[in-house]
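Student: There's a structure below that I have some questions on.
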Amino acid sequence: MNAPASTPSDARGLDRYAVAGNPVAHSRSPSIHALFAAQTGQTLDYGRLLCPLDGFKATLTEFVQQGARGCNVTVPFKFEAFEMAARHTPRAVLAHAANTLRFDSEADGGWLADNTDGVGLVRDITANAGVPLQGRRVLLLGAGGASAGVLGPLIEQRPRELVLANRTVDKARALVERHQAWATQHGVALQARALTDAGEGFDVLINGTAASLGGGEVPVGAQALKPGSLALDMMYGPAAQPFLDWARAQGAMARDGLGMLVEQAAESFALWRGVRPDTRPVLAQLRAEVDSLTPEATR
Ligand code: ATR
């Protein structure tokens, strides 16, 4: 049974949204969107949609039949969500993946797929942390779904140099190749490297690997940082802690993925509702909750 977690829209006249994935029980998106809705005076219902691994399409189809207007998409369905949409934003095309769907009718052009992860990360770095990316040297670790989702928007910020380092260097090369024209257009020196040869003294280091989920070490040496660098892990909660401790020990500014989570949600909310919430109070509230509950690490 693919029943969504809460009642259909027509029962209460609410526009319905959800985070679709497997698992979704841990997701903080429902609380974030409830805070956004309250702040902006929007009336909507945002729940969790647990999709069987072989039943993403069927679950979404049923959700739409019940009057849903859109959804966020999380692991492992971001690629499938991208494939299912009729239309795609340019940043979703670069990522080959979608974290946001808007269920526009066929008359309006059909489902729209977006990827707000990268703009969420960029906004957290530049606005929340106050660190400009333009003209800087940036190192992004990992070449999986998390890094693919953010590479395009990072390039758009016009860093001087952007190194993508991965354990499996061929995966980094493939991702770099796909973004090369975008990088050239923005005057960015984009390169793929092995983790063991990532380089030294970056201004900004972003960890998009899943190394910490398996209890692994920080996948790059301390030489990658310098005092005053920003070191950000896209995870939050306990799994991010070793990376944050390591970064602080090098004199870097350490940051987890909670700000990115709230910012990507705000961008999705704006796509659906046409109004952008103020993320600061929401991030502050979420930070207090996460610090007190020490939830499972995720991103
Ligand atoms: P996600 O969608 O979370 O990015 P993914 O697509 O499976 O997950 O990608 C995981 C990333 O973490 C990959 O870049 C992976 O490196 P490989 O491409 O070499 O597999 C990286 N990763 C996972 N465990 C790691 C570890 N212990 N050390 C370094 N990199 C690791």
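The values are calculated or read from the model by the stated rules, or taken from the named source; none is laboratory data. Remember, it's a predicted structure, so these values are computed and weren't measured experimentally. With ideal geometry, Cβ positions are generated from the backbone for all residues, glycine too; neighbour counts draw on all protein chains shown.
Student: Taking region 38-82, which residues are within 19 Å of ASP108 (Cα to Cα) and within 16 Å of the ligand (Cβ to nearest atom)?
Tutor: Of everything in region 38-82, those that are within 19 Å of ASP108 (Cα to Cα) and within 16 Å of the ligand (Cβ to nearest atom) turn out to be ALA81, PHE82.
Student: OK, next. Being within 15 Å of the ligand (Cβ to nearest atom), small (Gly, Ala, Ser), crowded, with 18+ Cβ neighbours inside 10 Å and at pLDDT below 95, is that true of even one residue in region 195-207? Before the answer, list the steps.
Tutor: Let us first name the residues in region 195-207 that are within 15 Å of the ligand (Cβ to nearest atom), namely 195-198, 205-207.
Among the residues that remain, those that are also small (Gly, Ala, Ser) are: 198.
Those left that are additionally crowded, with 18+ Cβ neighbours inside 10 Å: 198.
Narrowing the set further to residues that are at pLDDT below 95 leaves none.
Scanning region 195-207, I find no residue that is within 15 Å of the ligand (Cβ to nearest atom), small (Gly, Ala, Ser), crowded, with 18+ Cβ neighbours inside 10 Å and at pLDDT below 95, so the answer is no.
Student: While we're here: In region 224-249, which residues are surrounded by fewer than 17 Cβ atoms within 10 Å (Cβ to Cβ) and not hydrophobic (A, V, I, L, M, F, W, C)?
Tutor: The answer is LYS226, PRO227, GLY228, PRO238, PRO242, ASP245, ARG248.
Student: Test each condition in (1) over 19 Å from the mean Cα position of the chain (by Cα); (2) touching a residue at least 24 places away in the same chain (Cβ under 8 Å); (3) within 11 Å of the ligand (Cβ to nearest atom) for VAL188 and report the one that comes out false.
Tutor: VAL188 satisfies every listed condition except (3).
Student: Can you name the condition, by its number, that LEU141 falls short on among (1) in contact with a helix residue (DSSP H, G or I) (Cβ under 9 Å, 6 or more places away or on another chain); (2) among the aliphatic types (A, V, I, L, M); (3) not assigned by TED's automatic domain parsing to the domain that holds GLU156?
Tutor: Unmet condition: (3).
Student: Oh, and also: Is it the case, given these coordinates, that ARG69 is farther than 30 Å from ASP291 by Cβ and of a type in the set (D, E, K, R)? Talk me through it step by step, then tell me what you get.
Tutor: Values: farther than 30 Å from ASP291 by Cβ: yes; of a type in the set (D, E, K, R): yes.
Spelling it out, ARG69 is indeed farther than 30 Å from ASP291 by Cβ and of a type in the set (D, E, K, R).
Student: Still on this structure, please answer the following. Yes or no: ASP104 in contact with a strand residue (DSSP E or B) (Cβ under 6 Å, 6 or more places away or on another chain), under 29 Å from TYR46 (Cα atoms), acidic (Asp, Glu) and without any contact (Cβ under 8 Å) to a residue 24 or more places away in the chain?
Tutor: Numbers: in contact with a strand residue (DSSP E or B) (Cβ under 6 Å, 6 or more places away or on another chain): yes; under 29 Å from TYR46 (Cα atoms): yes; acidic (Asp, Glu): yes; without any contact (Cβ under 8 Å) to a residue 24 or more places away in the chain: yes.
Against the criterion (in contact with a strand residue (DSSP E or B) (Cβ under 6 Å, 6 or more places away or on another chain), under 29 Å from TYR46 (Cα atoms), acidic (Asp, Glu) and without any contact (Cβ under 8 Å) to a residue 24 or more places away in the chain), ASP104 qualifies.
Student: Moving on to the next point. Only one residue in GLN264, GLN241, GLN223 is without any contact (Cβ under 8 Å) to a residue 12 or more places away in the chain and within 29 Å of ARG137 (Cα to Cα), so which one is that? Spell out the reasoning first.
Tutor: Numbers: GLN264 fails: without any contact (Cβ under 8 Å) to a residue 12 or more places away in the chain; GLN223 fails: without any contact (Cβ under 8 Å) to a residue 12 or more places away in the chain.
From the options GLN264, GLN241, GLN223, the qualifying one is GLN241.
Student: Taking GLN285 as meeting all but one of (1) under 21 Å from VAL150 (Cα atoms); (2) in contact with a helix residue (DSSP H, G or I) (Cβ under 7 Å, 6 or more places away or on another chain), write down the number of the exception.
Tutor: Against the list (1) under 21 Å from VAL150 (Cα atoms); (2) in contact with a helix residue (DSSP H, G or I) (Cβ under 7 Å, 6 or more places away or on another chain), GLN285 comes up short only on (1).
Student: May I pose another question? Would you check which residues across region 144-169 are of a type outside the set (A, V, I, L, M), within 9 Å of the ligand (Cβ to nearest atom) and at pLDDT 95 or above and list them? Even if it seems obvious, please write down each step before you answer.
Tutor: Restricting attention to region 144-169, the residues satisfying the condition of being of a type outside the set (A, V, I, L, M) are 144-145, 147, 149, 152-153, 156-161, 166-168.
From the residues that got through so far, the ones that are within 9 Å of the ligand (Cβ to nearest atom) too are 144-145, 147, 149, 166-168.
The answer is SER147, GLY149, ASN166, ARG167, THR168.
Student: Just to be sure I understand the filter: pairs with C-beta atoms under 8 Å, separated by 6 or more residues or on different chains, first member in region 149-176 and within 13 Å of ILE206 (Cβ to Cβ), second member acidic (Asp, Glu) and within 13 Å of the ligand (Cβ to nearest atom). Which pairs pass?
Tutor: Once the first residue is within 13 Å of ILE206 (Cβ to Cβ) and sits in region 149-176, its partners that are acidic (Asp, Glu) and within 13 Å of the ligand (Cβ to nearest atom) give GLY149/ASP117; VAL150/ASP117.
Student: I've got another one for you. Taking GLN180, is it among the polar types (S, T, N, Q) and touching a helix residue (DSSP H, G or I) at 6+ places or on another chain (Cβ under 9 Å)?
Tutor: Values: among the polar types (S, T, N, Q): yes; touching a helix residue (DSSP H, G or I) at 6+ places or on another chain (Cβ under 9 Å): no.
No.
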